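A.B. asks: I'd like to ask you about the structure that follows.
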There are 6 protein chains.
Amino acid sequence: MNKTRAVYPGSFDPITNGHIDIIKRAGFLFGNLTVAVIDNPSKKCYFSKKERMFMIRKSIGEAGIKGVTVDSFRGLLVDYLRKTGQNIVIRGLRAVSDFDYEFQMALMNRKLYGKIETVFLMTDAKFAYLSSSLVREVARLGGDVRCLVPKVVAKKIKKLK
Amino acid sequence: MNKTRAVYPGSFDPITNGHIDIIKRAGFLFGNLTVAVIDNPSKKCYFSKKERMFMIRKSIGEAGIKGVTVDSFRGLLVDYLRKTGQNIVIRGLRAVSDFDYEFQMALMNRKLYGKIETVFLMTDAKFAYLSSSLVREVARLGGDVRCLVPKVVAKKIKKLK
Amino acid sequence: MNKTRAVYPGSFDPITNGHIDIIKRAGFLFGNLTVAVIDNPSKKCYFSKKERMFMIRKSIGEAGIKGVTVDSFRGLLVDYLRKTGQNIVIRGLRAVSDFDYEFQMALMNRKLYGKIETVFLMTDAKFAYLSSSLVREVARLGGDVRCLVPKVVAKKIKKLK
Amino acid sequence: MNKTRAVYPGSFDPITNGHIDIIKRAGFLFGNLTVAVIDNPSKKCYFSKKERMFMIRKSIGEAGIKGVTVDSFRGLLVDYLRKTGQNIVIRGLRAVSDFDYEFQMALMNRKLYGKIETVFLMTDAKFAYLSSSLVREVARLGGDVRCLVPKVVAKKIKKLK
Amino acid sequence: MNKTRAVYPGSFDPITNGHIDIIKRAGFLFGNLTVAVIDNPSKKCYFSKKERMFMIRKSIGEAGIKGVTVDSFRGLLVDYLRKTGQNIVIRGLRAVSDFDYEFQMALMNRKLYGKIETVFLMTDAKFAYLSSSLVREVARLGGDVRCLVPKVVAKKIKKLK
Amino acid sequence: MNKTRAVYPGSFDPITNGHIDIIKRAGFLFGNLTVAVIDNPSKKCYFSKKERMFMIRKSIGEAGIKGVTVDSFRGLLVDYLRKTGQNIVIRGLRAVSDFDYEFQMALMNRKLYGKIETVFLMTDAKFAYLSSSLVREVARLGGDVRCLVPKVVAKKIKKLK
């Protein structure tokens, strides 16, 4: 098992500047990072899996981040990890945060797959308020999201309205 | 810009005794207070915008509160503030509270409109448990909400069942 | 009023090993414990009231717990308590927990029915992550829930997929 | 082992109206309640063990509470429980509270003595802010504590200044 | 009673950039702001009352803030408010914060003096980590605090070592 | 800069089973881990720096953990990191935890040294209650700490009483 590989799973609906911040930090720690889009048919997303993966790839490129793979998976995260032979999971923590939820998920994942190790990284304080759902809410109400998300997302959201 | 003006935004679906408590406190601090009902077509409310505004006006009257205007707005709060030339926002904090959510919203609003200042007031400890959604839940299950909401709301909820 | 009677209300959709842990603890404290399934028609549950009651009875039996009654109720918990002449309510607290929500409900119940006393018990630390909704999520995504729930639930969930 | 016996341990330095509220609630649940004053020589208290026990006895009397024993112990709570053949511990939770600390202690006690069961009761919302240390602070700064503590404590604090 | 007057109480041992941020925000809301240094002989401070007041005055001047008075008081905050005929108290909230403590104090103050109104303002997210005690700790360990505190404080701390 | 190096700083007064759990997890992620004992003369510790380092080395050996160096430092953590050319810091998070404190420290460290990256790992749920100060408290009150700390610590604490 290669300790330099890690997975950053999420809905990324859409990717925000806060996610980009975590990807940079995780990429610095682990040479081989995979951003893994959750493809859960029972959970309705605003953007399709394909769109979300496109926006991640594009914004990673725009941000000049190298060595990051973008993938997607169905089913449980722990099954995806087992199949791809990985066990390090990256999660971002925000100062204003759903910490309890993250802890619950990490403990559950550890129960389901003992080898998993969740690594929590702290976003920059300036992204403390940022979440995908808040970005969608601001966009839906006609707000300008250009300071919240990568360029490609800002464009995409505009078109969709 | 007139510093004695402030806006207390919310869904008020319906207004509760906890909201009335905050309106009294905010009205004491700011001579010119506007209670601003969020009119968000994509969010389903139990009461119509018109009903919610009527119940606010009526219960403010019943409580003997003077100098409060009731308004409504569509779109982002920050856009409403810009249009009406205001920048002070009132939010209530409960001892048992969604503090994290309030902080996230306040930081996001500050990011979208730098001039905004969110003023948090603390409800009386005796309203610590009170929320509009809990009031609706109690009413739906056949409970008596007369000790939780202004008279006009208690009547209205009864009729709707 | 008999002080040795207590009610443990919940959706139990489905019952988990964490619930069983609380039932054991509550049964030790109160000789006469009722597990009361909330039968709220407006809230969509995964399992029917009948199925949920069956699984509770069966798993209590499997766990060798004696002297526990399984019941269900519609409407407000406080009305159920009044009708059955009870006033002690059991709630479980998890280390990773919705403590604020529990407190809000307990205060609201106390407001609606002054005689009510909510008794909080702490689940074993090893169930800190466990909730019915997380169990359903894991099952839906094809995960193995046998280490999370009683045998009867594990079987039932498998069949339903 | 008699399930109707419970211990409410604490420093009670001094006893407050919030403690009295919990004693009433616990006394309603358990016929045989012991208020157990922690007598820890290495922790400096404002009042002596004797004074703290006197004030508890006196204020329980003033409040008309029956069937409560006042005791004290040195060393670990779990050792006191073992010696006296008890295993139910009462702790009060305040809406504005050191919940994390209480949980940590309860888990540690369970680790040291598996049979222990900590029962958390919720104080009245109107005592949410109340603690012995805050009472001492108010008294030291010349404030009137008569609305915060039983009569006997208010008198005693006055004398000590 | 003049509603445009407010008090911002604290130890300010020493004043930090986070305090300056709150003073600016409070000064914008209330034309007549008093920064009130707590002079509590039983609590050992690093800087004397005189030094703390000097540093506040100097850094307010450096920051170009007008219309702010610096005062000090002994005893209870509520007694100081009564004596000076004021009832609005400013407190800063940090995203990473002792929110529970602030709430407890605000509720206690309201209990001791019904007319008091505590107004919570949110510091800039970039000061989320900042506290006087952390500044003292960094300084004691030989760190550079120039990015954390006003110029005058940075100089003073250097001299004292 | 070698990305496989990380530092786990702390007082370790004394090292607990929870610390050992984090050291194992961190050692799995980073090939080259340094446990760095904070040697702060102004903070009184129960064990000397020498004793703390000895107990760490000994218990790491007992636990069969390889490739971990034990070091100590005076002054700021960020200065120690700069001097030794490192920038990855390990911190453990407990389900029942001082999360706010950890976040504050991590943000402050990032402010003082931009290159620092704090990696939070989650202890096993079964260590949720464990802290060095609680271990010392239990030992002082005559409790048995053998289930809480490595063998060498249990012996040492016994001798010191």
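The values are calculated or read from the model by the stated rules, or taken from the named source; none is laboratory data. Nothing here was measured: the structure is a model prediction, and the numbers come from that model. Counting neighbours? That spans all protein chains shown, and the Cβs are built from the backbone with ideal geometry, glycine included. Heavy atoms of the whole protein, side chains included, go into the accessibility calculation; ligands, DNA and RNA do not. Shrake-Rupley method; radii C 1.70, N 1.55, O 1.52, S 1.80 Å.
A.B. asks: I need the phi-derived Karplus couplings for segment C:131-139: 6.51 cos²θ - 1.76 cosθ + 1.60, θ = phi - 60°, integer Hz, Gly and Pro marked x.
C.D. replies: 8, 4, 5, 5, 4, 4, 4, 4, 4
A.B. asks: For B:Gly75, which inter-copy label distances result when the label point lies 7 Å beyond Cα on the Cα-to-Cβ vector, reported in nm to one decimal and in ascending order?
C.D. replies: Result, one decimal in nm: 4.8, 4.8, 5.4, 5.6, 7.3.
A.B. asks: If you don't mind, there's one more thing I want to ask. Suppose only helical runs count, i.e. DSSP H with n ≥ 4. What mean residue ellipticity at 222 nm does that imply for the protein assembly as shown under -39500 (n - 2.57) per run, divided by all residues and rounded to the nearest 500 deg cm²/dmol? Write down the numbers at each step before the final one.
C.D. replies: Values: 36 runs with 406 residues, N = 966.
Theoretical 222 nm ellipticity from helices: -13000 deg cm²/dmol.
A.B. asks: Label-point separation (nm) for A:Leu141 and F:Lys126, each offset 7 Å from Cα along Cα-to-Cβ?
C.D. replies: So the label points at A:Leu141 and F:Lys126 sit 4.8 nm apart.
A.B. asks: Follow-up. From the label point of E:Gly114, set 7 Å from Cα along Cα→Cβ, how far away are the matching label points in the other copies, in nm, ordered shortest to longest?
C.D. replies: 2.1, 4.5, 5.6, 5.6, 6.3
A.B. asks: Then there is this: Can you tell which of C:Asn40, C:Ile90, C:Phe30 lies farthest toward the positive end of the dipole of segment C:5-160, using +1 and -1 charges on the Cβ of basic and acidic side chains (Lys, Arg; Asp, Glu)?
C.D. replies: So the residue we want is C:Asn40.
A.B. asks: Sticking with this one: Once amide H atoms are built 1.01 Å from N in the peptide plane, which residues 5 or more positions from D:Ala36, or in another chain, come under 5 Å H to H?
C.D. replies: Answer set, sorted by chain and number: D:Tyr8, D:Gly10, D:Asp71.
A.B. asks: Need one value: the accessible area of A:Val89 in square angstrom, 1.4 angstrom probe, rounded to the nearest 10.
C.D. replies: 0
A.B. asks: Give me the 1.4 Å probe accessible area per residue for the protein assembly as shown, excluding ligands and nucleic acids, in Å². Display every interim value, and only then the final one.
C.D. replies: Working: 40730 Å² over 966 residues.
That works out to 42 Å² per residue.
A.B. asks: Continuing with this model, one more query. Counting just the Cα atoms, what span does segment E:5-160 cover along each of its three principal axes? Round to the nearest Å and put the largest first.
C.D. replies: 45, 32, 30
A.B. asks: How shielded is B:126-136 by partner chains, expressed as the average number of their Cβ atoms within 10 Å of its Cβ atoms? List each step's numbers first, then the result.
C.D. replies: Values: counts 6, 3, 10, 11, 4, 2, 0, 0, 4, 1, 0.
Shielding by partners across B:126-136 averages 4.
A.B. asks: Only protein chains counted, 1.4 angstrom probe. Which residues of segment C:1-38 are at least 30 Å² less accessible in the assembly than when their chain is isolated?
C.D. replies: The answer is C:Lys3, C:Arg25, C:Phe28, C:Leu29 - residues whose exposure falls by at least 30 Å² when every protein chain is included.
A.B. asks: Angle between the Cα long axis of helix E:49-62 and the longest principal axis of chain E, 0 to 90 degrees, nearest 10?
C.D. replies: Tilt relative to chain E: about 80 degrees.
A.B. asks: Follow-up. From the phi angles alone, apply the Karplus equation (6.51, -1.76, 1.60; θ = phi - 60°) to segment B:26-33 and give each ³J(HN,Hα) in whole Hz, x where the residue is Gly or Pro.
C.D. replies: For segment B:26-33, the Karplus curve yields 5, x, 6, 7, 10, x, 10, 9 Hz.
A.B. asks: How far apart, in nanometres, would the label points at B:Phe54 and F:Glu51 be if each is projected 7 angstrom from Cα along the Cα-to-Cβ direction?
C.D. replies: With each label point 7 Å from Cα toward Cβ, the separation is 7.6 nm.
A.B. asks: Further question: Taking a temperature of 10 °C and a viscosity of 1.306 mPa s, what whole-number D in µm²/s does Stokes-Einstein yield for the protein assembly as shown with Rh from Kirkwood over alpha carbon pairs? Don't jump to the answer; show the numbers that get you there.
C.D. replies: On the way: Rh = 30.4 Å.
After rounding, the answer is 52 µm²/s.
A.B. asks: Still on this structure, please answer the following. Within the set C:Lys83/D:Lys126; A:Lys43/C:Lys156; E:Lys24/E:Lys66; A:Lys50/A:Lys83; B:Lys50/B:Lys156, which residue pairs have Cα atoms separated by over 18 Å? Provide the component values of the computation, followed by the final result.
C.D. replies: Working: C:Lys83/D:Lys126 28 Å; A:Lys43/C:Lys156 23 Å; E:Lys24/E:Lys66 9 Å; A:Lys50/A:Lys83 22 Å; B:Lys50/B:Lys156 13 Å.
Where the Cα-Cα span goes over 18 Å, the pairs concerned are C:Lys83/D:Lys126; A:Lys43/C:Lys156; A:Lys50/A:Lys83.
A.B. asks: Provide the buried accessible surface between chains D and E in square angstrom, both chains summed, 1.4 Å probe, rounded to the nearest 100.
C.D. replies: Working: alone 9310 and 9330 Å², together 17400 Å².
Adding both sides of the contact gives about 1200 Å².
A.B. asks: Cα axis of helix C:151-160 to longest principal axis of chain C: angle in degrees, 0 to 90, nearest 10?
C.D. replies: 60
A.B. asks: Amide H neighbours of B:Met122 under 5 Å, at least 5 residues apart or on other chains, H built in the peptide plane: list them.
C.D. replies: Under 5 Å from the amide H of B:Met122 lie the amide H atoms of B:Leu93, E:Thr118, each far enough along the sequence or on another chain.
A.B. asks: Taking the Cα centre of the protein assembly as shown as origin, work out the dipole magnitude from +1 charges on Lys and Arg Cβ and -1 charges on Asp and Glu Cβ, in debye rounded to 20. Walk me through the numbers before you get to the answer.
C.D. replies: Working: 180 positive and 84 negative charges, 1 e Å.
That gives a dipole near 0 debye.
A.B. asks: Follow-up. Could you give, in nm with one decimal, how far D:Lys158 is from each other copy of that position, shortest first, with labels 7 Å out from Cα toward Cβ?
C.D. replies: Inter-copy label distances (nm, one decimal, shortest first): 4.8, 5.5, 5.5, 7.3, 7.3.
A.B. asks: Quick one: Karplus J couplings for segment A:75-91, per residue in order, coefficients 6.51, -1.76, 1.60, θ = phi - 60°, nearest Hz, x for Gly and Pro?
C.D. replies: Each residue's phi maps through the Karplus curve to give x, 6, 4, 4, 5, 4, 5, 4, 4, 8, x, 10, 8, 10, 10, 9, 9 Hz.
A.B. asks: Still on this model: What value in Å³ per residue do you get for the convex hull of the alpha-carbon atoms in segment C:100-153? Intermediate values should be presented prior to the final figure.
C.D. replies: Details: hull volume 6.8 nm³, N = 54.
Normalising the Cα hull of segment C:100-153 by residue number yields 127 Å³.
A.B. asks: Could I ask something else about it? If the only charges are +1 at each Lys and Arg Cβ and -1 at each Asp and Glu Cβ, what is the size of the charge dipole of segment B:5-160 around the Cα centre, to the nearest 20 debye? Write out the running numbers ahead of the final one.
C.D. replies: On the way: 28 positive and 14 negative charges, 110 e Å.
About 520 debye.
A.B. asks: Using a 1.4 Å probe on the protein chains only, how many percent of the accessible area of segment E:1-150 belongs to carbon and sulfur?
C.D. replies: Working: 2900 of 5890 Å².
The C+S portion of the solvent-accessible surface of segment E:1-150 is 49 percent.
A.B. asks: Taking beta carbons within 10 Å but only from partner chains, what does the mean come to for residues A:78-91? Don't jump to the answer; show the numbers that get you there.
C.D. replies: Numbers: counts 4, 4, 0, 0, 0, 0, 0, 0, 0, 1, 2, 0, 1, 2.
Counting Cβ atoms of other protein chains within 10 Å of each residue's Cβ and averaging gives 1.
A.B. asks: Measuring from centroid to centroid over Cα atoms, what is the spacing of segment A:2-68 and segment D:17-96 in Å?
C.D. replies: Each part reduced to its Cα centre gives a spacing of 55 Å.
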